[in-house]
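Report on one structure; see the data block that follows.
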Amino acid sequence: MKKNSLKLYIVLNFLVVILLISVSIGALGFHVIREEIIEKAQYQVTNYMNAARILYENTAASMGRELSLLTRLDDIRGIRDKIGLDYLFLAGKEDISGLKSEVAREAAKGQEISGTRIVTYEELEEMGVEIARKIDTAPMALPEEMKPAENVRGDAMAIEYARPIYCDDGTFHGVLYGGKIINGSTDLVDNIRDLIFGEELYMSKPVGTVTIFQGGVRIATNVIKSDGERAVGTRVSSKVYDQVIVRGETWSDRALVVNDWYITAYEPISNIQGDTIGMLYVGILEQPFFDMAKKVFLMFFLIMSGSVILAVIISFLLAGAIVRPVRALVEGTAKISDGDLESRIKTDSLIEELRCLEMSFNEMAGNLDKREKDLVMANEKREMLNKRYLDLISFVSHELKGILASTILNAYSVRDGFLGMVNFKQRKALDSVTRNLDHLDATVKNFLNLSRIEKGDMGVNKRQMLVKEDMFDVAVDTFQKQASEKEMVMINNIPQDLSINADRDLLQVVANNLVSNAVKYGTPGGNIKIDARDKGDRVEISVYNDGRVLTEEEKSSLFKRFSRLHGPETKNAKGTGLGLFISREIVEKHGGAITVISGTSGNSFVFEIVKGG
């Protein structure tokens, strides 16, 4: 009876775990699939918008190229029809002030120009253009949250080009300007759609659509209404209207386009004065992406369901084979825990791995006492060796520290001519000697700090200190020469009066390590910026340098002992890989934390410490 109960318990637990994992993975999978697909689609639409904008602007550029090639202007109407413009006029210089076209007036200043503008109904009548009268802009019935349509009946939006005309003697003659009316036009939006999306349909609906708005009203579009007609005269949603038309910002999100949801992008269309007069829209039908996500999820669900059924069957079979030897192991373990190290179990399981487990258990029981004693002895030996290792590092570091101080002083004295003049070759050799001695001095200090950390002897003696004067002014002065050799600029923006209660000597080690690394690994000719921010009970300090942006993998290993980066900028840089490890330990001793944040052209090492200590 107990055997069956244990088996049932194992099977039920297997089932619960499998179901929980399956449901969690299924929900997460659906979310990730949908978000991944939709996010990629939105990114794709943004790229399509860039292409659509180029194609839209290229319309005016094409007009300009054709008009700029004209040499004779005696047949304006013929030129207009040949180029395919809706209107084309040559205004004399005496007529410039009365022109309603801001594009033409701007061209009169002496430079060809193109742009989009609103052509009023009155101006169209003066031109003799009847296009605007033929456009039915009556809005269709849409939800109340839609923005009311502007009064655009009779007015039109045009893409216009203008250039100044000069006489043979170089005197200004007038302005040639012409344009294409967008309202009701299908060529422009269809050409943009065909070049970007093609004519692909999904459930009889266009997958990709392009629209040009005058204000918030569609005046040229290939969005189709439920009756199969183009949705000219319909209005954009109030959210899109407020963001694009009112605030002049772009919109990049899903939106209801007439009857269907699209993944969309909207951009303002402005006249040459910068006033928003309309919008350019591109969108991809959202339904195909959701259907794709559903299909993938369904396939995933079927696979998971089959896996659950198979796992339950296997778990039931395995439970029976595991229960008996497991029970024997439990009983044997209980005896061993009571001190009966002579306890043994039968090794008669039919499963090879379980039989090996039973044999291993018996072997373990026989050797447990001996192994425990061996472990105790090995641990004592390891601690003794580790202590000797740390004592040796500490002893050697202390000895070398004093020797190096005197050696460095003498080397710099000889190099800088305090003990007599040296020639160029001698100074060059002494430069190499002093650089190596500086590196050796830093290495000795790092190992000395490492030994203190490992032995737990790093005490923190806090007192009030100024962050700029007592920490980073010293570090900047120390490494200014190396920075100057690499033509780097060090900027210390820390406020003069910012103070903390901390161990000055230990934080000087942190400041030196961070500034040294910034100089060592920074870009030649780049900047090093040191900033600090008072955050109430804490102070945040940042050391930034221009340089190669670190990867996430590199950042994860930076603060480990003896860890160094491998790259072209570190090829000739000397170091032990201990500086950042020691800096992290010191910062944490002060109740803070240190991390690295990558920017677009460099990296910042940022640490926080408790201000009041």
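Selection within region 90-125: residues that are acidic (Asp, Glu) and free of Cβ contacts under 8 Å to residues at least 24 places away in the same chain. The member of this set that is farthest from Ile219 (Cα to Cα) is Glu94. Of all residues in region 19-54, those that are modelled with pLDDT of 75 or more and buried (at least 17 other Cβ atoms within 10 Å of the Cβ) total 6.
In region 522-558, of all residues being over 21 Å from Met471 (Cα atoms) and over 20 Å from the mean Cα position of the chain (by Cα), the one that is surrounded by the most Cβ atoms within 10 Å (Cβ to Cβ) corresponds to Leu558.
Residues in region 264-309 that are touching a strand residue (DSSP E or B) at 6+ places or on another chain (Cβ under 6 Å) and not in a strand (DSSP E or B): Asn271, Ile272, Glu286, Pro288. Report whether or not Arg77 is assigned to a helix (DSSP H, G or I), modelled with pLDDT of 85 or more and in contact with a strand residue (DSSP E or B) (Cβ under 9 Å, 6 or more places away or on another chain). Judged against the criteria, Arg77 is not a match. I'd like the full set of residues that are touching a residue at least 40 places away in the same chain (Cβ under 8 Å) and in contact with a strand residue (DSSP E or B) (Cβ under 7 Å, 6 or more places away or on another chain), limited to region 488-509. If the condition is that a residue be touching a residue at least 40 places away in the same chain (Cβ under 8 Å) and in contact with a strand residue (DSSP E or B) (Cβ under 7 Å, 6 or more places away or on another chain), then Met488, Met490, Ile494, Leu498, Ile500, Asn501, Ala502, Arg504 are the ones that fit.
One residue stands out in region 240-263 among those that are at pLDDT below 90 and not in a strand (DSSP E or B): the one that is surrounded by the most Cβ atoms within 10 Å (Cβ to Cβ), namely Val258.
The values are calculated or read from the model by the stated rules, or taken from the named source; none is laboratory data. Predicted model, so just to flag it, every value in this text is computed and none were measured. As a convention, Cβ positions derive from the backbone with ideal geometry for all residues, glycine included, and neighbour counts pool all protein chains shown.
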